[in-house]
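Trainee: I'd like to ask some things about the structure below.
The values are calculated or read from the model by the stated rules, or taken from the named source; none is laboratory data. This structure is a prediction, so every number in the text was calculated from the model and none was measured. A quick note on method: Cβ atoms are made from the backbone with ideal geometry, for glycine too, and the neighbour counts reach across all protein chains shown. Quick note on the areas: whole protein, heavy atoms, side chains included, nothing else; ligands and nucleic acids left out. Shrake-Rupley method; radii C 1.70, N 1.55, O 1.52, S 1.80 Å.
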Amino acid sequence: MRMSTKQRLGDAGTYLAYLVVCLFFAGPLLWLISLSIRTAAEVYVSDIRLWPQNPTLDNYFSVLGNQLFPRYLWNGLLLSVAGAFGAMLFATPAAYALSRFEFPAKRPVMIGILAFQMISPLVIMVPLYRYMDRIGLTDSHFGASMLYIAVAAPLFTWMLKGFIDGIPRSLEEAAMIDGCTRFGAFLRVIMPLSLPGLTSAFVLNAILGWSQFIIPFILLSKPALQPIAVGIFNFQGTYNTTSTQVLAAASVLSIVPAIVTFLVLQRFIIGALTAGAVKG
Amino acid sequence: MAEVSVRKLIKRFGQFEVVHGIDFDVTDGEFMVLVGPSGCGKSTTLRMIAGLETVSDGEISINGELVNDVPPRDRDIAMVFQDYALYPHMSVKQNLGFGLKMRDMPRAKIEEAVQRTADILQIRELLDRKPKQLSGGQRQRVAIGRAIAREPQLFLFDEPLSNLDAKLRVEMRTQIKRLHIAFNATSIYVTHDQTEAMTLADRIVVLRGGVIEQVGTPDQLYNHPVNRFVAGFIGSPTMNFIDAELAESAGEASIVFNDGQTLPLTAAQRQSYASHKGQKVLFGVRPEHLTNVFTAENRGGAGLVPIEIPVEIVEPLGADTLVFSKLGGSEIVSRVAGSADLRPGTRIPVHVDMSRTHLFDPETGVRLTAT
């Protein structure tokens with residue numbers, strides 16, 4: 001059937017809206033890339049030009065030449081993976097219990113978990129620092145990763161609960177009749193079937209951990225311990241002349257791993273984000 | 001082999017009681033069917049026997065041992081679920097052997113049991129497939145196979161055929177019956193389908209609203225229902241119920257319908273119902289006892305009363321024909337010969353086999369018998 005003019009116009013409008021939204025979000029990123037290939041002199045030129053007059057990759061070389069840069073990357077990887085892994089350890093049994101058991105105040109508990117997720121570390125920055133300082137967990141990857149875990153666990157739990165909700169109860173009941181304990185049924189039936197959900201929740205939380213700024217910024221003052229997100233910030237102070245272009249190059253380099261991971265594993269991530277949605 | 005005994009069994013979900021203290025026994029090797037409309041507590045009862053639901057009150061014993069607090073894995077039972085509940089991440093072979101593996105059976109023994117089961121159910125060529133590569137009927141076969149591979153002392157079935165299409169359901173029903181005859185294992189089977197109950201069961205427990213209405217053999221339930229509910233639930237099409245009065249007509253005790261039509265009682269019935277004379281009753285007759293077909297059973301019987309009924313709707317089934325009609329002011333169905341050329345608006349002669357009819361108390365629904 002031929003599309004009516006009205007439909008065509010409607011479609012055109014939709015695509016136009018997509019374009020505007022896309023530009024809105026891509027704009028800063030493009031500007032960041034533009035800045036990263038400029039010379040110091042061109043950073044502050046007044047005319048808005050996306051492609052600089054004298055594009056250069058020098059900024060990238062100077063970032064990559066920085067001794068601490070690989071260290072920052074490694075720290076970022078370590079903290080984000082430790083955070084996601086630790087969150088998984090706590091979230092998996094919690095998600096199973098929330099999905100399968102009825103207990104008093106179950107709803108408030110679930111809402112509570114979500115409510116904690118909504119508290120930004122920024123709000124509790126000062127008490128958090130004093131608390132961690134008092135128990136001697138500042139300037140340590142262990143202390144920082146504990147907070148990464150705490151921050152990631154609520155989202156992880158909710159995502160995984162949605163996923164486990166979609167696994168029929170009769171499967172673990174069959175396993176329990178077949179000779180498993182409840183824990184055995186969890187390990188042998190629920191865990192293998194949750195693997196796609198676990199993977200996606202893990203990847204998503206690792207990516208979120210990668211871009212975590214506040215926690216390491218508060219807790220880690222030694223550059224050798226800092227992850228990339230905070231490390232970039234140091235480039236601001238390292239160079240005494242205008243350093244915006246170097247900062248921009250470092251930022252671009254820092255988001256590359258996250259984008260690559262996302263592109264490679266996007267199927268899993270989208271799966272996890274929609275798992276809960278389908279099975280309300 | 002096992003005997004199961006259920007005593008004063010109660011199940012509450014919070015404040016809400018769904019099973020109200022039921023009692024029944026399943027003898028060794030018996031095929032017991034729990035049947036009833038949805039929400040009658042049949043599945044809950046089965047799940048309590050399986051150990052998947054806690055018992056709120058009362059006792060469940062298997063072979064004389066109280067199992068109320070025994071976990072499912074230690075009850076030596078197998079269960080076939082409505083949704084098959086095959087482990088999606090395991091092959092058919094692994095599914096069949098899972099229960100044996102959990103019981104630490106040696107690998108060679110498991111292999112042997114799996115092959116034997118696959119032969120019985122003719123699923124040998126499916127052993128390496130995953131459940132999602134199977135059709136509904138094949139999945140059901142594997143689910144039954146998983147239960148029999150372990151040779152448990154008690155089989156539980158929770159509406160195992162309700163997800164299959166009609167043809168496959170009949171096929172699997174026969175298969176289950178064949179397996180029961182071969183293994184003679186004690187089985188408890190839950191269904192809402194009275195045909196399944198009648199065809200499979202040695203005995204049937206009819207449940208309604210969390211209480212037992214009647215326990216008996218298919219024959220007892222069909223021929224001697226204790227009340228209107230059981231009479232109406234068992235048999236298809238369902239029994240016809242007509243408001244009437246037990247009165248004197250032409251010097252004989254008869255059924256008098258609201259529109260004045262009368263049906264004479266048999267001698268035996270006159271004796272049985274003597275004490276109910278003059279009472280309002282509910283007259284119950286099954287479509288197959290309101291027919292124009294003579295059988296070896298009813299031919300020449302004393303209770304055959306010829307009447308004429310108006311034809312309203314005709315449903316030919318081939319072997320016989322259902323005629324929707326009116327009798328005594330109520331809608332009724334009668335089952336007549338399949339070859340009869342029937343047209344709505346005409347009248348056909350049929351006979352009522354009075355010896356197969358029942359009278360119920362219109363208030364309580366209880367079947368009236370000799371007192």
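Trainee: When you scan region B:184-255 for helices (runs of 4 or more DSSP H) that lie fully inside it, which ones turn up with 1 or more residues that are open to solvent by 60 Å² or more (accessible area, probe 1.4 Å) and out of contact with any Gly (no Cβ under 6 Å at 6 or more places or on another chain)? Spell out the reasoning first.
Mentor: Details: elements: B:194-200, B:218-223, B:228-233.
Passing ranges, in order: B:218-223.
Trainee: From the residues in region B:71-119 that are over 13 Å from B:Arg150 (Cβ atoms) and among the aliphatic types (A, V, I, L, M), which one is surrounded by the fewest Cβ atoms within 10 Å (Cβ to Cβ)?
Mentor: Filtering first and then ranking leaves B:Ala108.
Trainee: Can you find a residue that is assigned to a helix (DSSP H, G or I) and either away from chain A (no Cβ under 13 Å) or modelled with pLDDT under 95 (or both) anywhere in region B:2-23? Break it down into steps so the answer makes sense when it comes.
Mentor: Filtering region B:2-23 for residues assigned to a helix (DSSP H, G or I) gives none.
No, region B:2-23 has no match at all.
Trainee: Would region B:39-56 turn up any residue that is among the charged types (D, E, K, R) and part of a loop (DSSP other than H, G, I, E, B)? Explain how you work it out, then say what you get.
Mentor: Keep residues of region B:39-56 that are among the charged types (D, E, K, R), which gives B:42, B:47, B:53.
Now narrow it down to the ones that are part of a loop (DSSP other than H, G, I, E, B): B:53.
Yes - at least one qualifying residue is present in region B:39-56.
Trainee: Can you report the number of residues in region B:185-214 which are among the charged types (D, E, K, R) and closer than 17 Å to B:Met172 by Cβ?
Mentor: Number satisfying all stated conditions: 2.
Trainee: If only one of B:Pro344, B:Pro316 is closer than 16 Å to B:Pro237 by Cα and open to solvent by 80 Å² or more (accessible area, probe 1.4 Å), which one is it?
Mentor: B:Pro316
Trainee: Taking region B:31-57 on its own, how many of its residues are closer than 23 Å to B:Leu221 by Cβ and open to solvent by 20 Å² or more (accessible area, probe 1.4 Å)?
Mentor: Number satisfying all stated conditions: 5.
Trainee: Please enumerate the residues belonging to region A:182-241 that are surrounded by 22 or more Cβ atoms within 10 Å (Cβ to Cβ), of a type in the set (S, T, N, Q) and closer than 15 Å to A:Val151 by Cβ.
Mentor: A:Asn205, A:Gln212 - these are the residues of region A:182-241 that are surrounded by 22 or more Cβ atoms within 10 Å (Cβ to Cβ), of a type in the set (S, T, N, Q) and closer than 15 Å to A:Val151 by Cβ.
Trainee: Regarding region B:315-324, can at least one residue be identified that is at pLDDT below 90 and among the polar types (S, T, N, Q)?
Mentor: For region B:315-324, residues at pLDDT below 90 and among the polar types (S, T, N, Q): absent.
Trainee: Still on this structure: Among the residues of region B:85-118, how many are within 18 Å of A:Arg188 (Cα to Cα) and either outside any helix (DSSP H, G or I) or not assigned by TED's automatic domain parsing to the domain that holds B:Ile144 (or both)?
Mentor: Matching residues across region B:85-118 total 10.
Trainee: Tell me, which helices (runs of 4 or more DSSP H) wholly within region A:170-247 include 1 or more residues that are within 29 Å of A:Gln117 (Cβ to Cβ) and either within 14 Å of chain B (Cβ to nearest Cβ) or of a type in the set (Asp, Glu) (or both)?
Mentor: Numbers: elements: A:182-185, A:191-210, A:214-219, A:228-238.
Fully inside region A:170-247 and qualifying: A:182-185, A:191-210.
Trainee: In region B:121-129, is there at least one residue being open to solvent by less than 10 Å² (accessible area, probe 1.4 Å) and in a helix (DSSP H, G or I)?
Mentor: Among the residues of region B:121-129, at least one is open to solvent by less than 10 Å² (accessible area, probe 1.4 Å) and in a helix (DSSP H, G or I), which makes the answer yes.
Here is a yes/no grid of residues against (1) within 14 Å of another protein chain (Cβ to nearest Cβ); (2) more than 31 Å from the chain's Cα centre (by Cα):
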{"residue": "B:Asp28", "(1), (2)": "no, no"}
{"residue": "B:Gly41", "(1), (2)": "no, no"}
{"residue": "B:Thr45", "(1), (2)": "no, no"}
{"residue": "B:Ser56", "(1), (2)": "no, no"}
{"residue": "B:Pro71", "(1), (2)": "yes, no"}
{"residue": "B:His89", "(1), (2)": "yes, yes"}
{"residue": "B:Arg107", "(1), (2)": "no, yes"}
{"residue": "B:Asp119", "(1), (2)": "no, no"}
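Trainee: Could you grab me the full set of residues in region A:154-182 that are of a type in the set (Asp, Glu) and under 34 Å from the mean Cα position of the chain (by Cα)?
Mentor: Matches in region A:154-182: A:Asp165, A:Glu172.
Trainee: Can you run down the residue pairs with Cβ atoms below 9 Å, 6 or more apart or on separate chains, where the first is in region A:17-40 and part of a loop (DSSP other than H, G, I, E, B) and the partner is open to solvent by less than 80 Å² (accessible area, probe 1.4 Å) and among the small types (Gly, Ala, Ser)?
Mentor: Here the result reads A:Ile37/A:Ala248; A:Ile37/A:Ala249; A:Arg38/A:Ala248, each pair linking region A:17-40 to a residue that is open to solvent by less than 80 Å² (accessible area, probe 1.4 Å) and among the small types (Gly, Ala, Ser).
Trainee: Same structure, new question: Against the condition over 30 Å from A:Lys161 (Cα atoms) and among the hydroxyl-bearing types (Ser, Thr, Tyr), how does A:Ser99 come out, does it pass?
Mentor: In short, no.
Trainee: Hey, another quick one. Just give me the residues in region A:96-122 being modelled with pLDDT of 85 or more and assigned to a loop (DSSP other than H, G, I, E, B), in sequence order.
Mentor: Hits for region A:96-122 are A:Phe101, A:Glu102, A:Phe103, A:Pro104, A:Ala105.
Trainee: Can you work out which of the residues in region B:58-70 that are surrounded by 17 or more Cβ atoms within 10 Å (Cβ to Cβ) and aliphatic (A, V, I, L, M) is farthest from B:Arg173 (Cα to Cα)?
Mentor: Residue satisfying both the conditions and the ranking: B:Val67.
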